[in-house]
Each structure stands twice: as structure tokens, then as C-alpha cells.
Amino acid sequence: MGESASLLSTVVTVVIYMASMIGFMFIIDRFGRRTLLIAGSLQSITVASGFVFTIFVAQGFLAMLCRMKAWLFFSFARWIVVMTAWVYLFLPETKGLPIEQIGKVWREHWFWGRVVGLDELQANDKL
């Protein structure tokens with residue numbers, strides 16, 4: 001496709017930029033610049049913390065790979081097995097349930113029923 005694909009991607013990008021700019025002009029007029037800047041500063045903390053932890057993982061991975069060699073990957077596999085078992089044992093399925101029934105699912109769970117049930121009984125006693 002060559003040149004036509006390049007031209008088409010440029011046109012699509014410009015159209016998206018223009019639509020975004022027009023949309024955000026209305027949003028800025030409605031909420032104000034200060035509110036949107038504060039909100040953006042809050043979503044950027046998430047991105048910055050993600051970068052910091054990525055650096056920690058990248059630096060730690062090389063040191064662990066040199067020390068543990070191939071066993072490092074078996075260690076990762078072990079944690080995946082632990083996570084899968086935890087999800088299987090401790091997280092009940094809530095697919096297709098309305099929000100009103102979620103509490104019932106947690107109360108009837110073999111483990112969480114003890115924790116959720118106590119709080120609910122105490123809340124009912126206060127009423």
C-alpha cells in the first residue's frame with residue numbers, strides 16, 4: 001500500500017486530533033481549566049508510579065537472573081500457581097449477578113462468610 005497507507009493514516013490522525021480538540025473545548029468551558037489540570041495531575045501519579053515500579057522490576061530482574069539462572073522462571077511459575085490457587089479458593093464468581101446479590105455471594109462463601117457475616121450482623125444490631 002505504501003504511500004496511500006501513509007497518507008490515509010495521516011488523514012485519520014488529523015481527523016481524530018480535530019475531533020478531540022473540539023470535544024475538549026466544550027469540556028474545558030464546562031468544567032474549567034483548573035479542575036481538569038488537577039484531574040490530570042491525579043491520573044499522572046498513576047503513570048509515574050507505574051514507571052517507577054517498572055524500573056524496580058527491570059533492575060531486579062537482571063540481578064535475580066544472574067543469581068538464580070533458569071530457576072528464576074520456575075520461581076515466577078510458582079507464584080502464578082499460588083495466585084491461581086488463591087483466586088480459585090478465595091474469590092467467588094459474580095458473573096451475571098446484579099449488584100444487590102453480590103453481598104449474598106460473599107456471605108455464603110466458605111471463607112469470606114465468616115468475615116462478611118460478622119460485620120453485617122453487627123450492622124443489623126445497631127439498626
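The numbers here are math on the coordinates, done by the rules we state, and not lab data. Because the structure is predicted, anything quoted here is derived from the model rather than measured. Counting neighbours? That spans all protein chains shown, and the Cβs are built from the backbone with ideal geometry, glycine included.
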Subset of segment 84-112 [part of a helix (DSSP H, G or I) and either among the small types (Gly, Ala, Ser) or in contact (Cβ under 8 Å) with a residue 60 or more places away in the chain (or both)]: Ala85, Gly103
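Per-residue answers, yes or no, for (1) among the aromatic types (Phe, Trp, Tyr); (2) in a helix (DSSP H, G or I); (3) surrounded by fewer than 10 Cβ atoms within 10 Å (Cβ to Cβ); (4) on the phi < 0 side of the Ramachandran plot:
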{"site": "Ser4", "(1), (2), (3), (4)": "no, yes, yes, yes"}
{"site": "Leu7", "(1), (2), (3), (4)": "no, yes, no, yes"}
{"site": "Val12", "(1), (2), (3), (4)": "no, yes, no, yes"}
{"site": "Met18", "(1), (2), (3), (4)": "no, yes, no, yes"}
{"site": "Phe24", "(1), (2), (3), (4)": "yes, yes, no, yes"}
{"site": "Ile28", "(1), (2), (3), (4)": "no, yes, no, yes"}
{"site": "Ile38", "(1), (2), (3), (4)": "no, yes, no, yes"}
{"site": "Ser44", "(1), (2), (3), (4)": "no, yes, no, yes"}
{"site": "Gly60", "(1), (2), (3), (4)": "no, yes, no, yes"}
